[in-house]
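Down below is the structure, laid out as structure tokens.
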Amino acid sequence: MEKKLIWYDSERKTWWKSRSNFENHSFAIAYDRLTNHLLVLVRNFELQSYNVIAALPSTSKYNEQDIIELAKETASNWINSKGLPKIASGVRKWSFIHSLKVFLKEFPYSLILFMSTFLISLVMSIFFLLNTYSSYSIILFTSLFSLISAFLISWGLNNKFKINVTKTKRNIFLLFSTASGLFFGLSIMYLLF
């Protein structure tokens, strides 16, 4: 016997368009503005976060209600285990597009931090070199000054610009940019002098 989901459509502005509960799962249909896809999400009642089980591209060919109906049908297919390879293919495609768009939105912040750390480390290391500091002192003082500057710049970026990923992921990107800028700044100083 085929299992059916009973859906509750949102009547006001919420992050989800429609919801349903089935056995120990909660389903939601939500719109991803970044990629222009309608997502079918599911979570086990014991867990906090949703998993994407289907991603349907929103095109001008269909109106919003038609795509929501298709999303509901896709969720029913998921619980009845029909058409799973096709559903998984759509999720992989959406995931790639989503990751690429997030990367492109976050890349300028990482580039700003890389360039500023690179310039700070280059200027500071040349300053310490001209004042006849030892190699270890140059590396230590330049690294310390660059890391403090990078912390302040990344704090400013996190507070002033919209975060498209989790704060942890953005901080990892920024930390990598800082380390790269510091490394290249010190390397160029040692290559030149």
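What percent do you get for the relative contact order of the stretch 10-64 when only Cα pairs under 8 Å and 6+ apart count?
23
Over all directions, the average projected area of the alpha-carbon convex hull for the stretch 1-147 comes to how many nm²?
For the Cα atoms of the stretch 1-147, the hull's average projected area reads 13.8 nm².
If contacts are Cα pairs under 8 angstrom and at least 6 residues apart, what is the relative contact order of the stretch 85-165 in percent? It would help to have the intermediate numbers written out before the result.
Numbers: 26 pairs, mean separation 32.4, N = 81.
Averaging sequence separation for qualifying contacts and normalising by length gives 40 percent for the stretch 85-165.
Quick check on the chain: helices-only [θ] at 222 nm, where DSSP H runs of length 4 and up contribute -39,500 (n - 2.57) each and the sum goes over total residues. Nearest 500, please.
Mean residue ellipticity at 222 nm (helix-derived): -21500 deg cm²/dmol.
Just want to confirm a number: the relative contact order over the chain, from Cα pairs under 8 angstrom separated by 6+ residues, in percent.
Contact order relative to length: 16 percent.
Whenever you get a sec, compute what percent of the accessible area on the chain sits on carbon and sulfur atoms (1.4 Å probe).
On the way: 8170 of 12620 Å².
On the chain, the fraction of accessible area on carbon and sulfur atoms equals 65 percent.
List the residues, sorted by chain then number, that are 5 or more residues from His37 or on another chain and whose placed amide H is less than 5 Å from its amide H.
For His37, whose amide H was placed from the backbone, the distant partners under 5 Å are Asp32, Ser58.
In the chain, if the dipole is taken from +1 on Lys/Arg beta carbons and -1 on Asp/Glu beta carbons about the Cα centre, which of Trp155, Thr132, Leu191 is farthest to the positive end?
Checked the options; the winner is Trp155.
To the nearest 20 debye, what is the magnitude of the charge dipole of the stretch 1-112 about its Cα centre, counting +1 on the Cβ of each Lys and Arg and -1 on the Cβ of each Asp and Glu?
Dipole of the stretch 1-112, to the nearest 20 debye: 220 debye.
Along the Cα-to-C-beta direction of Lys160, a point sits 7 Å from the Cα; which residues of the stretch 90-118 have their amide N less than 20 Å from that point?
Zone members listed by number: 105-118.
Out of the trypsin sites (Lys or Arg not before Pro) in the stretch 134-174, which ones are loop residues according to DSSP with at most 12 other C-beta atoms within 10 Å?
Lys162
The values are calculated or read from the model by the stated rules, or taken from the named source; none is laboratory data. Remember, it's a predicted structure, so these values are computed and weren't measured experimentally. Glycine gets a Cβ as well: all are built from the backbone with ideal geometry, and neighbour counts include every protein chain shown. SASA here: full protein model, heavy atoms, side chains in, ligands and nucleic acids out. Shrake-Rupley method; radii C 1.70, N 1.55, O 1.52, S 1.80 Å.
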